[in-house]
Amino acid sequence: MSVAETSTSPPRGLPRLLQGLDSRSGPMDRARHEQLHGPLPRCSPEELFDMIERSGLRGRGGADFPTATKLRAVAARRRVATVVVNGSETEPASLKDHLLLARLPQLVLDGALLAAFAVGAAEVIVKIGENAEEPAAALEPVIAERTTGYMPISLAVSPDGYVTGEESAVIHFLDGHQPKPRFVPPRPFERGYRNRPTLVQNPETLAQIALVARHGEHWYRELGTAADPGSALVTISGAVAHPGVYELAFGTPMTDLIAAAGGGTEPLQALLVGGYFGTWMPATSAMGLRLARQDLASVGCALGAGVIIALGESACGLHESARIVDYMAGQSAQQCGPCMHGLAAIASAFGALAGGSADAGERERLLRWCAEVRGRGACHHPDGVVRFVESALEVFGPELQSHGLRPCPGRPAGLPLGPQIGWRSR
Ligand SMILES: Cc1cc2nc3c(=O)[nH]c(=O)nc-3n(C[C@H](O)[C@H](O)[C@H](O)COP(=O)(O)O)c2cc1C
Ligand code: SF4
């Protein structure tokens, strides 16, 4: 058997994950969920791993790691394991996990339970941030409904903060400590929650597992490209008419992606691809790309957790970037010297450049500090910030000179700093 038997026919085209979602109703209940998707499919661990591997599914939490490899690594430990649904969604401009957990919690738990049975887990923990009130309210009854004596499911709520979603910080928190990243190895799949092998997976990845297990890898590959199969949830915000979460096939041209969000509210000057760990691109070059790993990698970008921010011409890219760098420096867990001191210095230099108060050597100092902190933290926080800063200097650098001469006429773009609550229409 390669595809679990199901009484429902698979969705053709889009939406897949967001099938049946109605922006006016609450969380999808189990009856409606099973009417749409059928009951939880039954397949052996090897069948599931093979299907996931052949589907080409990769993690949607930002690291883009092959999902089958991680599932197999946890199962190969041959010890009682734990599955953690990483619903932290600490990227301020991302809302996809919020949407999935608040509206389609049954689909996410389907994936978590399938993964748990396959890797030999004895429990499932759903971890969210303390501002995720809507997901918490949706999850509590669904967890109570789907928990069983042999597969308990629980909800864990941690303080918010950018680095609290990093997987070692999640494990550390679940073990009763501060949600701060730890030096790895051991990685969670080796020794995670309570020293057990632990599968940490993003909610979207789990929701995709739930669909692949039902409809198989051939169905999954009907959308997307050979190298990037399937669909992805993308949160589009900034200067677009309808910011929100959209499900798009990999390979979709960026122009179509912006059009899906209602188009720009003004001419666009740049796109931020991949969120606050991501990369700025001039709008003209970004529009020639597709939502595909190869296209994005060819210009040094990655989709990260599926975040795209459009910056209109009326905004100041330097000021917006300075706000973000300042916020990200403040998110350091303050336990690694280069991250704690380096990011603060980088934020201060960037702020001086954007504000027109920098001296002649500031840009060079900033670039040197970037080189010095790269790769020097317990987690990838400094690396993400450095990538962002370097791309901001590349794209908005030509404006630096005029910033030193006159007040900046840019209008605030209102890019979010900190967790968002509620989700906007999609
Ligand atoms: C600073 C930092 C913050 C992160 N925040 C999140 C998060 O909020 N949610 C998430 O799923 N992954 C986050 N990640 C990635 C996780 O460490 C991990 O790779 C992911 O949860 C694995 O799930 P996936 O394989 O399904 O993507 C973060 C990573 C870093 C370095
Ligand atoms: S690199 Fe920064 S955020 Fe990551 S663990 Fe070290 S201090 Fe914390």
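Taking the range 343-426 and the helices (runs of 4 or more DSSP H) fully enclosed by it, the elements with 1 or more residues that are modelled with pLDDT of 85 or more, away from ligand 1 (no atom under 16 Å from the Cβ) and farther than 16 Å from Tyr276 by Cβ are at 343-355, 362-373, 381-396.
Is it the case, given these coordinates, that Ala93 is in contact with a strand residue (DSSP E or B) (Cβ under 9 Å, 6 or more places away or on another chain) and either aliphatic (A, V, I, L, M) or buried (at least 24 other Cβ atoms within 10 Å of the Cβ) (or both)? Considered against the rule, which asks whether it is in contact with a strand residue (DSSP E or B) (Cβ under 9 Å, 6 or more places away or on another chain) and either aliphatic (A, V, I, L, M) or buried (at least 24 other Cβ atoms within 10 Å of the Cβ) (or both), Ala93 comes out as yes. From the list Ala81, Ala112, Ala75, Ala93, the one residue that fits, being under 28 Å from Ala297 (Cβ atoms) and among the aliphatic types (A, V, I, L, M), is Ala93. Scan the range 193-200 and give yes if some residue there is free of Cβ contacts under 8 Å to residues at least 40 places away in the same chain, within 16 Å of ligand 2 (Cβ to nearest atom) and either more than 12 Å from Asn86 (Cα to Cα) or of a type in the set (Ser, Thr, Tyr) (or both), otherwise no. Checked against the condition, which is being free of Cβ contacts under 8 Å to residues at least 40 places away in the same chain, within 16 Å of ligand 2 (Cβ to nearest atom) and either more than 12 Å from Asn86 (Cα to Cα) or of a type in the set (Ser, Thr, Tyr) (or both), the range 193-200 yields no hits at all. From the list Val163, Val157, the one residue that fits, being away from ligand 2 (no atom under 16 Å from the Cβ) and of a type in the set (Val, Ile, Thr), is Val157. Residues that are buried (at least 21 other Cβ atoms within 10 Å of the Cβ) and under 17 Å from Gln201 (Cβ atoms) were ranked within the range 134-154; the one that is farthest from ligand 2 (Cβ to nearest atom) is Ile153.
When Asn131 is tested against the conditions (1) surrounded by fewer than 22 Cβ atoms within 10 Å (Cβ to Cβ); (2) in a helix (DSSP H, G or I), the lone failure is (2). Of everything in the range 286-342 that is surrounded by fewer than 16 Cβ atoms within 10 Å (Cβ to Cβ) and within 15 Å of ligand 1 (Cβ to nearest atom), the residue that is farthest from Gly263 (Cα to Cα) is Gln334.
Looking only at residues of the range 59-74 that are part of a helix (DSSP H, G or I) and surrounded by 24 or more Cβ atoms within 10 Å (Cβ to Cβ), we find that the one that is farthest from ligand 2 (Cβ to nearest atom) is Leu71. Summed over the range 59-83, residues that are in contact (Cβ under 8 Å) with a residue 24 or more places away in the chain and near ligand 1 (Cβ under 8 Å from one of its atoms) total 7. When the range 359-387 is filtered for residues that are under 25 Å from Thr164 (Cα atoms) and of a type in the set (A, V, I, L, M), the ones remaining, listed by number, are Ala371, Val373, Ala378, Val385, Val386.
All of Gly304, Gly264 fail the test of being within 23 Å of Pro92 (Cα to Cα) and at pLDDT below 95, apart from Gly304. Note on the range 146-180: residues that are more than 7 Å from ligand 1 (Cβ to nearest atom) and either assigned to a loop (DSSP other than H, G, I, E, B) or not assigned by TED's automatic domain parsing to the domain that holds Gly62 (or both) amount to 13.
Checking each residue of the range 350-358 against the condition of being touching a Cys at 6+ places or on another chain (Cβ under 9 Å), closer than 13 Å to Val389 by Cβ and more than 16 Å from ligand 2 (Cβ to nearest atom) gives at least one match. Scanning the range 190-235 for residues that are within 14 Å of ligand 1 (Cβ to nearest atom) and either modelled with pLDDT under 95 or at positive phi (or both) yields a count of 1. Do we find a residue being over 12 Å from the mean Cα position of the chain (by Cα) and assigned to a helix (DSSP H, G or I) anywhere in the range 75-91? Yes, that holds for at least one residue.
Annotation note: Cβ proximity below 6 Å between a residue of the range 369-385 that is in the same structural domain as Gly304 (by TED's automatic domain parsing) and a residue that is more than 7 Å from ligand 2 (Cβ to nearest atom) (sequence gap 6+ or interchain) occurs for no pair.
The values are calculated or read from the model by the stated rules, or taken from the named source; none is laboratory data. Only a predicted model underlies this, so the values are computations on that prediction, with no experimental measurement involved. No Cβ is skipped: glycine too gets one built from the backbone with ideal geometry, and neighbour counts run over all protein chains shown.
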